[in-house]
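The values are calculated or read from the model by the stated rules, or taken from the named source; none is laboratory data. Predicted model, so just to flag it, every value in this text is computed and none were measured. Using ideal geometry, Cβ is built from the backbone for each residue, glycine included, and neighbour counts are taken over all protein chains shown.
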Amino acid sequence: MRPSCGKLAKIAELAQRLPQVAECHRVTGEDCFILKIYLEELGKLDAILDQFLAYGQTTTSLVQSTIVEPRTLPLPGDHRG
């Protein structure tokens, strides 16, 4: 998500309010946020995107498959291997 001028806080507020937003990260680069959104069906994506489009530009990517499931990182001094 790339905010319009002065809309950074509005995007953060909207992300916190929407139950479909599972994660929201502030990132470096041209985009300022990466959001992970869970939907019951793809047809509901437009309604979510429309809410964010009021505050900036979105880029949408869909997960096709998962190669590595989420896992915990080793802690310093953890020599399991």
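Give the residues of the range 19-45 that are among the acidic types (D, E) and surrounded by 10 or more Cβ atoms within 10 Å (Cβ to Cβ), sorted by residue number. Give the steps one after another, and end with the answer.
Step one: of the range 19-45, the residues among the acidic types (D, E) are 23, 30-31, 40-41.
Answer for the range 19-45, where residues must be among the acidic types (D, E) and surrounded by 10 or more Cβ atoms within 10 Å (Cβ to Cβ): E23, D31.
How many residues are in a helix (DSSP H, G or I) and among the polar types (S, T, N, Q) if we restrict to the range 1-60?
Filtering the range 1-60 down to residues in a helix (DSSP H, G or I) leaves 8-17, 42-53.
Adding the requirement that they be among the polar types (S, T, N, Q) leaves 16, 51.
Result for the range 1-60: 2.
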From the set of residues in the range 46-66 that are among the β-branched types (V, I, T) and closer than 23 Å to G29 by Cβ, which is surrounded by the fewest Cβ atoms within 10 Å (Cβ to Cβ)?
-> V63
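Could you list, in sequence order, all residues of the range 47-65 that are of a type in the set (V, I, T), out of contact with any helix residue (DSSP H, G or I) (no Cβ under 8 Å at 6 or more places or on another chain) and within 20 Å of A9 (Cα to Cα)?
Within the range 47-65, I48, T59 meet the criteria.
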Any idea which residue in the range 56-75 is farthest from L18 (Cα to Cα), counting only those that are modelled with pLDDT of 95 or more and not polar (S, T, N, Q)?
-> I67
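Residues that are among the acidic types (D, E), modelled with pLDDT of 95 or more and out of contact with any Ser or Thr (no Cβ under 6 Å at 6 or more places or on another chain): does the range 29-40 have at least one? Show your work before the answer.
As a first pass, look at the range 29-40 and keep what is among the acidic types (D, E): 30-31, 40.
Among the residues that remain, those that are also modelled with pLDDT of 95 or more are: none.
Scanning the range 29-40 turns up no residue that is among the acidic types (D, E), modelled with pLDDT of 95 or more and out of contact with any Ser or Thr (no Cβ under 6 Å at 6 or more places or on another chain).
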Would you be able to say whether some residue in the range 44-55 is modelled with pLDDT of 95 or more, hydroxyl-bearing (S, T, Y) and out of contact with any Asp or Glu (no Cβ under 6 Å at 6 or more places or on another chain)?
-> yes
